[in-house]
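Each remark here refers to the structure printed beneath this line.
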Amino acid sequence: MSGLVVRAAASVRSPRGRVPEGVPAALDYFRDLLTPFGEKPDEELLSRGPHVHHRDLVDLLVADRGVGRSRPELAIVAHALPDVVPFTAVAPHLTEQLGGRAVNFAIGQQGLAAPFTALRIASAYHRSGRAAEVVIAVLEQTTLPTPFPLPLPRETSLTDSAAALVLGASTGEGLGFVRAHAAGSAAAALGRELGEDGTLLVLGPWVTEDVPDHGAVHRVAPGSYCTSLWLELADHWQEWQRDFRRIVLCDTDPRSGRSHVALFAATGG
């Protein structure tokens, strides 16, 4: 069976938020969660956030025609930061919007590794014949009960954002997922992926170390924790597919220090 290729994609940035709802109940939950660690929720921080729920981000992604017409057998939601409202199951909501027949689940608590893990799982499902089409939604909302411990520059803040990839079997020319892996540094993770002509290196905002010399490089601006690479891929995959034979995505999780790489390559006609 051929590998997965990108069939459609969508991105969302800084959508309109909601009037805060359910904050007292959420505060009780966060108090119980944080107190054993010697912390307490910041009510003012939580109240003044945009309150863009994961479900809101999914609805905006599905409103895109390319994503909304997908009828996948597998739907994966990947996120690094939690939802505004605890205990919400967003993957079933995504599935309901896309025909209702997909196996679905979410991947969290992996930092920005979550979308890379989602790609590996999607590829394994596809190779085993269990999913001819897959939708991966990468979500990031920024209304949090405590300041998130990311080493952001003072002038930089995270913005609510989301990206979706629709992946299916190749029917000719396309941009196909090859592999994803991680290493202790960006240089180590990129070691075997660079050096071929026609390769575009896409570096996420958290890659601050020197990487191997490479000709075509696209650097992603700051503004997200885990969605940055996938927003750029959603926006540019068609032009990148036309202009390059290989696309290498790389970012480094600022909390763990591990670097993650995904390789996409042009498939033959």
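The values are calculated or read from the model by the stated rules, or taken from the named source; none is laboratory data. Because the structure is predicted, anything quoted here is derived from the model rather than measured. Glycine also receives a Cβ, built like all others from the backbone with ideal geometry; neighbour counts cover every protein chain displayed. Ligands, DNA and RNA are excluded from the accessible area calculation, which covers all protein heavy atoms including side chains. Shrake-Rupley method; radii C 1.70, N 1.55, O 1.52, S 1.80 Å.
Tell me, in nm to one decimal, what length is gained between R242 and S256 on full extension, where the rule is 0.36 nm per residue of separation less the Cα-Cα distance?
1.6 nm
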Next on the checklist: Just to confirm a number: summing +1 for Lys and Arg and -1 for Asp and Glu over residues other than A132 whose beta-carbon lies under 14 angstrom from that of A132, what do you get?
Outcome noted: +3
Checklist entry - Counting Lys and Arg as +1 and Asp and Glu as -1, each charge on the Cβ, what is the dipole of region 183-269 about the Cα centre in debye, to the nearest 20? => result 200 debye
Next on the checklist: I'd like the FRET efficiency for E44 and T117, computed as 1/(1 + (r/R0)^6) with the beta carbon distance as r and R0 of 35 Å, rounded to 0.05.
Outcome noted: 0.55
Checklist entry - Using the alpha-carbon centroid of each, what span in Å lies between region 71-89 and region 179-249? => result 25 Å
Next on the checklist: Leaving out ligands, DNA and RNA, and with a 1.4 Å probe, what % of the accessible surface on region 152-259 is carbon or sulfur?
Outcome noted: 43 percent
Checklist entry - Once fully extended, how much extra length lies between D210 and E96, figured as 0.36 nm per residue of separation less the alpha-carbon to alpha-carbon distance? => result 36.6 nm
Checklist entry - Given the Cα-Cα distance of R65 and A124 and 0.36 nm per residue of separation, how much length would full extension add, in nm? => result 18.6 nm
Checklist entry - What are the residues whose amide H is under 5 Å from the amide H of L175, where those residues sit 5 or more places off or on another chain and H is modelled from the backbone? => result V6, T267
Checklist outcome for this item: Length-normalised contact order of the chain, Cα under 8 Å, at least 6 apart, in percent, tallies to 24 percent
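Could you please report the charge total around C226, scoring K, R as +1 and D, E as -1 over all other residues with beta-carbon less than 9 angstrom from its beta-carbon? Write down the numbers at each step before the final one.
Details: positive: none; negative: E140, D251, D253.
Charge balance in the 9 Å sphere: -3.
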Next on the checklist: Rolling a 1.4 angstrom probe over the protein chains, ignoring ligands and nucleic acids, what is the accessible area of H79 in square angstrom, nearest 10?
Outcome noted: 40 Å²
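Excluding P147 itself, what net charge comes from residues whose Cβ is under 11 Å from its Cβ, given Lys and Arg +1 and Asp and Glu -1?
Once all neighbours under 11 Å are counted, the net charge is -2.
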Checklist entry - Could you give the accessible area per residue of the chain, probe 1.4 Å, as a whole number in Å²? => result 46 Å²
Checklist entry - Leaving out ligands, DNA and RNA, what percent of the accessible area of region 38-100 is carbon and sulfur, probe 1.4 Å? => result 48 percent
Checklist outcome for this item: The set of residues whose placed amide H lies less than 5 Å from the amide H of V52, leaving out same-chain residues fewer than 5 positions away, is R18, T142, T143
Checklist entry - For E239, E173, E73, E140, what's the largest-to-smallest order of accessible area, 1.4 Å probe? => result E173, E239, E73, E140
Checklist entry - If you put +1 on each Lys and Arg Cβ and -1 on each Asp and Glu Cβ, how big is the dipole of the chain around its Cα centre, in Debye rounded to 20? => result 700 debye
Checklist entry - So how tilted is helix 114-127 from the main axis of the chain? Cα-based, degrees 0 to 90, rounded to 10. => result 50 degrees
